[in-house]
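Novice: One structure, as structure tokens, below. Some questions next.
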Amino acid sequence: MFSKLLQTALNEGINKKIALQILQESYSPQNALQLFAAANSVRDKNLGKELYFTASIGGILPCKIVPRCRYCFYSVAEPFPLPDMLACVKKIEELGVKQVNLGGGSCLDGYDEEILSMVRAIRNISNLVIEINLGPSLSVETIKSLKALQVFSITSSLETINEELFRQAKPGDSLEKRKSILETCEEEGIPIRSMMMIGLGENYADRIEHLFYMKQFKNLYHLRFCRFKPFPRTVMRNRPRSSPWELARTIAVARLIMPKVNLGLGVGNHIDDIPLWYAAGGGNQVLGIMVTRRNENNSFEGEVSEVSRAFIHNQMPIISHYLGGMGISINL
Ligand code: SF4
């Protein structure tokens with residue numbers, strides 16, 4: 001009985017076996033709705049119902065991973081010019097958001113000096129909460145220096161914990177290096193952010209293994225879920241798009257495993273995924289502003305303004321409209 005399984009998870013604790021069974025048996029809407037209700041109550045009890053907006057500046061450095069990950073469509077040829085980035089930081093502040101993530105690309109030889117100079121420059125002009133996502137590009141010393149600069153969190157996304165699948169999808173990348181960044185952040189007491197991709201070719205057992213691997217990190221504060229999307233001109237362009245149903249059920253199981261962790265939406269999701277994400281126990285951060293250097297990413301909705309050769313995609317009004325219709329408030 002599915003309801004008994006959920007009660008066991010809620011009252012006696014969840015282990016890998018129960019989590020796998022819940023994920024497998026929640027394929028039917030009837031069971032999934034029970035799972036979502038349980039995940040909602042866990043989120044409300046541990047994090048509250050309210051959401052808050054964050055911002056992200058993408059493509060701050062070129063990605064030097066060779067060959068490129070087989071699903072990847074992002075690429076910038078040059079670093080984000082610092083004066084332009086600072087102007088975007090000011091614009092994010094003007095819009096009222098208090099937290100910004102600086103993201104991508106990656107370099108296995110390190111982007112240490114590059115990121116430290118950017119963070120110091122932002123610190124000089126802004127009090128925004130800063131998060132960093134440069135994949136496996138940071139040395140232990142740089143992680144310590146970023147902590148000293150009061151960087152709030154560091155992201156190291158594994159996408160999948162299945163080593164063979166990681167090698168197939170990300171042949172130029174290093175799972176070991178990405179794991180070691182998580183371990184360093186844990187040792188140094190820095191909040192950790194990570195991502196898991198749904199639909200890359202993993203099975204349910206891989207997902208559960210991945211969730212329990214992440215759960216061991218006491219400093220894990222935000223886990224984002226990417227939804228595989230076959231972008232044109234990528235090696236994996238013929239693989240089918242991952243279903244939002246798969247993503248939502250995985251988030252709901254993750255909520256039972258990690259009651260206090262922010263569970264967010266990553267690449268491949270659209271704002272139309274937000275209602276189902278919330279209903280499945282997602283929360284409590286929502287990406288409201290995305291800064292890009294090209295204006296050709298049609299996965300964003302809402303207003304676009306140009307600031308110093310960059311594009312500010314402000315999705316906050318439309319997201320607030322969606323959530324308002326669900327009776328949910330969202331803060332800056
Ligand atoms: S590391 Fe990230 S940016 Fe670089 S190729 Fe892979 S997915 Fe793309």
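The values are calculated or read from the model by the stated rules, or taken from the named source; none is laboratory data. This is a predicted model, so every value here is computed, not measured. Cβ placement follows ideal geometry from the backbone for every residue including glycine, while neighbour counts extend to all protein chains displayed. Calculation scope for accessible area: heavy atoms of the full protein, side chains included, ligands and nucleic acids excluded. Shrake-Rupley method; radii C 1.70, N 1.55, O 1.52, S 1.80 Å.
Novice: Count, please, the residues in region 153-172 that happen to be open to solvent by 20 Å² or more (accessible area, probe 1.4 Å) and either touching a Pro at 6+ places or on another chain (Cβ under 6 Å) or free of Cβ contacts under 8 Å to residues at least 40 places away in the same chain (or both).
Specialist: Here the count works out to 4.
Novice: Right, next: Please tell me if G135 is open to solvent by less than 10 Å² (accessible area, probe 1.4 Å), within 16 Å of the ligand (Cβ to nearest atom) and part of a loop (DSSP other than H, G, I, E, B).
Specialist: yes
Novice: With I312, I318 as the choices, which residue is touching a residue at least 12 places away in the same chain (Cβ under 8 Å), open to solvent by less than 10 Å² (accessible area, probe 1.4 Å) and either assigned to a loop (DSSP other than H, G, I, E, B) or not hydroxyl-bearing (S, T, Y) (or both)?
Specialist: The unique qualifying residue is I312.
Novice: Could you look through region 102-115, keep only residues that are surrounded by 18 or more Cβ atoms within 10 Å (Cβ to Cβ) and free of Cβ contacts under 8 Å to residues at least 60 places away in the same chain, and pick out the one that is nearest to P62 (Cα to Cα)?
Specialist: Result: G105.
Novice: Got a number for residues in region 207-220 being over 16 Å from K179 (Cα atoms) and either open to solvent by 30 Å² or more (accessible area, probe 1.4 Å) or in contact with a Pro (Cβ under 6 Å, 6 or more places away or on another chain) (or both)?
Specialist: Residues flagged as over 16 Å from K179 (Cα atoms) and either open to solvent by 30 Å² or more (accessible area, probe 1.4 Å) or in contact with a Pro (Cβ under 6 Å, 6 or more places away or on another chain) (or both) within region 207-220 amount to 0.
Novice: Please enumerate the residues belonging to region 173-184 that are away from the ligand (no atom under 11 Å from the Cβ) and open to solvent by less than 20 Å² (accessible area, probe 1.4 Å).
Specialist: L175, I181, L182, T184
Novice: Scanning region 39-67 for residues that are in contact (Cβ under 8 Å) with a residue 24 or more places away in the chain, closer than 30 Å to M1 by Cβ and open to solvent by 10 Å² or more (accessible area, probe 1.4 Å), which turns out farthest from the ligand (Cβ to nearest atom)?
Specialist: Among those that are in contact (Cβ under 8 Å) with a residue 24 or more places away in the chain, closer than 30 Å to M1 by Cβ and open to solvent by 10 Å² or more (accessible area, probe 1.4 Å), it is K45.
Novice: Among the residues of region 68-102, which ones are more than 9 Å from the ligand (Cβ to nearest atom), under 16 Å from L134 (Cα atoms) and small (G, A, S)?
Specialist: A77, the sole residue that qualifies.
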